[in-house]
Structures are given as structure tokens and as C-alpha cells.
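*Asks:* Attaching a single structure in C-alpha cells format; questions to follow.
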Amino acid sequence: MIFPITAIYASILALIGLVLMFQVVLMRGKTGISILHGDNMLLAQAMRRHGNFIEHVPLVLILMGIVEANGGNPTLLHVLGTVLVVARIAQPLGLHHDRMIHPLRAVGTVGTVLPTVVLIGVALWQVVGS
């Protein structure tokens, strides 16, 4: 079975994930810290930006693939995928070690939670409600 819509967003998000990973790698090279963050807050920030991405994106992509496999609405999948991409670009830009509140962090959080919740609901509806 082919999942063309999920493949589009998985590919775009994988590129974002690589950028976040390379930021950690470059920071590790710059600081000489190979394990944890050594109390370097910029390294800790880069690690959390990447970690936050890894903690959330795979679940959403799995749900997207399930919904697509079960005949989910392509327009809805594209809207949710686009929201997730925008959110995952905004989230690291708003995640700073020296300030808790930032508008882009809120955009990233809401834009990640919303597709997750909608996809959970649609996936359950496809199986239980139909």
C-alpha cells in the first residue's frame, strides 16, 4: 500500500529533523561536550529542540499513515500535515533556554497538539464509528 500524502509530510519533517540534529552535532563539536549538555545552556537548548521534535512527530506521522490507509480525507490530511510542518518550524524558533514564554513556542505546541488530537479522533472514528 502506498501512502503518498504521509510520504510528503514525512519527508519534509525528516528534513526539519535533520536540521535540528545537525544543530546539536555542530554545538557538540564547538563545545567538545559529547555526552549530555555539560551545563552548556545553548547545547541543552539545541538538544531540547531536537528532543521535542523526536518526542512528537513520529506519533503524528504514524496516525497520519493509519488514517490515510483507512481512506481518510486527503484535504484534511494535507491541512493537518501543513499545520504540523509550520508548527515544527515554529517550535524550535520559540524554544529558548532563557525565556519560558514565546509566541512561536505556543504556535508550535498548538500546531502539534491539534493534528495529534484530530488524527486520534479520525482514526478511532474510522474503526469504531463506521
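*Asks:* Given the conditions (1) modelled with pLDDT under 95; (2) in contact with a His (Cβ under 9 Å, 6 or more places away or on another chain); (3) under 30 Å from V127 (Cα atoms), report the number of the one that M1 does not fulfil.
*Replies:* The one condition M1 does not meet is (2).
*Asks:* Being aliphatic (A, V, I, L, M) and either surrounded by 15 or more Cβ atoms within 10 Å (Cβ to Cβ) or within 13 Å of L119 (Cβ to Cβ) (or both): is that true of A44 here?
*Replies:* Taking the combined requirement at face value, the residue satisfies it.
*Asks:* Would you confirm, using the coordinates I've provided, whether G94 is touching a helix residue (DSSP H, G or I) at 6+ places or on another chain (Cβ under 9 Å), at pLDDT 95 or above and among the small types (G, A, S)?
*Replies:* The answer is no for G94.
*Asks:* Next question. Is it fair to say L84 is within 30 Å of Q126 (Cα to Cα) and surrounded by 14 or more Cβ atoms within 10 Å (Cβ to Cβ)?
*Replies:* Spelling it out, L84 is indeed within 30 Å of Q126 (Cα to Cα) and surrounded by 14 or more Cβ atoms within 10 Å (Cβ to Cβ).
*Asks:* Any residue at all in the range 8-19 that is without any contact (Cβ under 8 Å) to a residue 24 or more places away in the chain, more than 24 Å from V122 (Cβ to Cβ), out of contact with any Asp or Glu (no Cβ under 6 Å at 6 or more places or on another chain) and hydroxyl-bearing (S, T, Y)?
*Replies:* no
*Asks:* If you don't mind, there's one more thing I want to ask. For the range 111-124, what are the residues that are out of contact with any helix residue (DSSP H, G or I) (no Cβ under 7 Å at 6 or more places or on another chain) and hydrophobic (A, V, I, L, M, F, W, C)?
*Replies:* Passing the criteria: V113, V117, L124.
Yes/no matrix, rows are residues, columns are (1) in a helix (DSSP H, G or I); (2) hydrophobic (A, V, I, L, M, F, W, C):
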site: S34; (1), (2): no, no
site: N52; (1), (2): yes, no
site: P58; (1), (2): yes, no
site: L61; (1), (2): yes, yes
site: L76; (1), (2): yes, yes
site: L80; (1), (2): yes, yes
site: A90; (1), (2): yes, yes
site: I101; (1), (2): no, yes
site: R105; (1), (2): yes, no
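The values are calculated or read from the model by the stated rules, or taken from the named source; none is laboratory data. This is a predicted model, so every value here is computed, not measured. Neighbour counts run over all protein chains shown; Cβ positions are idealised from the backbone, glycine included.
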